[in-house]
Amino acid sequence: MDRKHIELQVYGAEQICASCVNLPSSRETYEWLQAALERKFPDQPFSITYIDIFNPPADPKKLRFSQRVIDEDLFYPVVVIDDEVIGEGSPQLKIIVKEMEKYGYHITA
């Protein structure tokens, strides 16, 4: 199977989600996820981007999704691949890995 380069987007905020008080911050989750995926998929190109929902980049797609997180009271961080939410609040590495495997990535570590 051919591997498609994917961008994981982690939407969150500096303040911790009200329902996520005992969980790591969005940025901590992003950093943990980046390190974990780089270990599982070494030398396999993908990107992971952190997006602050209260200060999103000018990209219209990221602006819209940031507003969606706010409007729909999604539990952040919200992890997205190809416009599909694959993790919310406390994203599970196992689910994210399975999703990446659908795109042709293979665990090598």
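The values are calculated or read from the model by the stated rules, or taken from the named source; none is laboratory data. Given the structure is predicted, the values throughout are model-derived calculations rather than measurements. All Cβ positions, even for glycine, are placed from backbone atoms using ideal geometry, and neighbour counts span all protein chains on display. Accessible surface is based on the protein model in full, side chains and every heavy atom, while ligands, DNA and RNA are left aside. Shrake-Rupley method; radii C 1.70, N 1.55, O 1.52, S 1.80 Å.
Specify the residue that is nearest to L33 (Cα to Cα); the eligible residues are those in the range 75-96 that are touching a residue at least 40 places away in the same chain (Cβ under 8 Å) and either open to solvent by 90 Å² or more (accessible area, probe 1.4 Å) or in a loop (DSSP other than H, G, I, E, B) (or both). Per the criteria, the residue is P91. Of all the residues that make up the range 15-29, how many are at pLDDT 80 or above and not in a loop (DSSP other than H, G, I, E, B)? Counting residues in the range 15-29 that are at pLDDT 80 or above and not in a loop (DSSP other than H, G, I, E, B) gives 4. Could we say that A35 is under 27 Å from G104 (Cα atoms), open to solvent by 30 Å² or more (accessible area, probe 1.4 Å) and of a type in the set (A, V, I, L, M) here? The answer is yes for A35. Can you pull out every residue in the range 35-73 that is touching a Gly at 6+ places or on another chain (Cβ under 8 Å) and part of a strand (DSSP E or B)? Selection gives Y50, I51, D52.
Does F65 satisfy the criteria of being aromatic (F, W, Y), touching an Asp or Glu at 6+ places or on another chain (Cβ under 9 Å) and surrounded by fewer than 16 Cβ atoms within 10 Å (Cβ to Cβ)? Spelling it out, it is not the case that F65 is aromatic (F, W, Y), touching an Asp or Glu at 6+ places or on another chain (Cβ under 9 Å) and surrounded by fewer than 16 Cβ atoms within 10 Å (Cβ to Cβ). Taken together, A58, A36 contain a single residue that is farther than 22 Å from Q15 by Cβ and in contact (Cβ under 8 Å) with a residue 12 or more places away in the chain, which is A36.
Mind listing whichever residues of the range 97-109 are outside any helix (DSSP H, G or I) and open to solvent by 30 Å² or more (accessible area, probe 1.4 Å)? Once the filter is applied, which keeps residues that are outside any helix (DSSP H, G or I) and open to solvent by 30 Å² or more (accessible area, probe 1.4 Å), the range 97-109 yields Y103, H106, I107, T108, A109. Say we look at the range 39-56 and pick out the residues that are open to solvent by 100 Å² or more (accessible area, probe 1.4 Å) and farther than 30 Å from D71 by Cα; which of these is farthest from the chain's Cα centre (by Cα)? So the residue we want is D43. F75 fulfils the conditions (1) within 30 Å of T108 (Cβ to Cβ); (2) at pLDDT below 95 except for a single criterion, (1).
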